[in-house]
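*Asks:* The following block contains the structure, expressed as structure tokens.
The values are calculated or read from the model by the stated rules, or taken from the named source; none is laboratory data. All of these numbers come straight from a predicted model, not from anything done at the bench. Here the Cβ positions follow ideal geometry from the backbone for every residue, glycine too, while neighbour counts run over all protein chains shown.
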């Protein structure tokens, strides 16, 4: 029994142990009995929390048990049962993420993240079950966003997508495409758009109105950022009636959030602020704590884009203080600190800008999001008299936006225009062209290092 429990990573529930560790030789009742004996002998640790009982093996014990299990014919069978159990367990995880308060969803699903990892490793590895891996990868999508592990999410969802074929269930492919698009949205919008488009096509065929509405909203956001405003407006219009009776305040909050984005990008900051306030109220009513905090950060961004730098800085500092106390908000904190660096730069507070960037920008590197804030650091470098560094950073930023087929948002566009004037005044045309070309060849990590040199 101890050897069989070695298949679990990061702990397990009694239900999971009964389902995975039982077979024709050890039934579910015997699993419960033997588990209690293992707890009594301190070979298994029992832990009680508000969400119920969990069990775990100490890592040295688990390694020993896993090694012994691997030497038997049962290992492959246990791995398969383990992966199938977590596929079935996670079947509602993505849908529940749309409707459950953040705290309730995290309590229900996050404790199993290491088991999900182990199950995906087996299912998508040699001798695994690709269909199980595809289903579980799609179900795991919210875990990577909630943990701000976007890089891991990219890798795991892309690995599963490589095995999608004609025999893949449409529901599994749709969920995988949706969450692949969401995981890529900030880092690489050009990769997010085809995934979201595929999800929309599949959800239309399946007649799944709530997931269709969610996918339409997310694609509308990407289309607005890419400057395809007409298509974004059409997607929002299609999603809106689907949400009227869906009972999903969190997703309705997304609707107003992305209406705000579209209006902000088309020169309607007052209307954008009104939509953000509606989104904030809906997120709070849904218990969507992280989205509510991010909406507060966006309010600061709207103030910044309208030229109210005092209100922008004040709002950003208030939001940053709240983000520091909130769980699982690393990327949001990084985004807000990086925006604060831009606002400080525009106010001429260059030391404060560098301090905020040095804290915030590294938080965005793992997920591949840092590129979108380099414009402000390039302007800061130019204002500090470092024109060569500023030109290289400008070249990197231009290449990043062009490569992702996305237009600059108002604050970034304003920084880039001001920077260009400074560069043209301070550098010869040939030198500027050479330096921006060098910047275009930089990696994201190299550009971040250059931006944070001071």
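*Asks:* Tally the residues that are under 20 Å from residue 238 (Cβ atoms) and at pLDDT 95 or above, restricting the search to the range 264-291.
*Replies:* 4
*Asks:* In the range 124-157, what residues are surrounded by 21 or more Cβ atoms within 10 Å (Cβ to Cβ), over 17 Å from residue 109 (Cα atoms) and more than 17 Å from the chain's Cα centre (by Cα)?
*Replies:* Scanning the range 124-157 gives 124, 132, 133, 134.
*Asks:* Check the range 22-37 and report whether any residue there is under 24 Å from residue 135 (Cβ atoms) and in contact (Cβ under 8 Å) with a residue 12 or more places away in the chain.
*Replies:* The answer is yes; a qualifying residue exists.
*Asks:* Shifting gears a bit: Those residues that are exposed (fewer than 15 other Cβ atoms within 10 Å of the Cβ) and not in a helix (DSSP H, G or I), I need them from the range 408-438; list them, please.
*Replies:* Within the range 408-438, just 428 meets the criteria.
*Asks:* Something else about it: Residues in the range 192-239 that are buried (at least 17 other Cβ atoms within 10 Å of the Cβ) and within 27 Å of residue 151 (Cβ to Cβ): how many?
*Replies:* Number of matching residues: 23.
*Asks:* Just the residues that are surrounded by fewer than 17 Cβ atoms within 10 Å (Cβ to Cβ) and either under 40 Å from the mean Cα position of the chain (by Cα) or in the same structural domain as residue 79 (by TED's automatic domain parsing) (or both), please, taken from the range 22-42.
*Replies:* Within the range 22-42, 23, 28, 32, 36, 39, 42 meet the criteria.
*Asks:* Kindly indicate whether any position in the range 439-448 is closer than 20 Å to residue 351 by Cβ and either part of a helix (DSSP H, G or I) or touching a residue at least 12 places away in the same chain (Cβ under 8 Å) (or both).
*Replies:* Yes: one or more hits.
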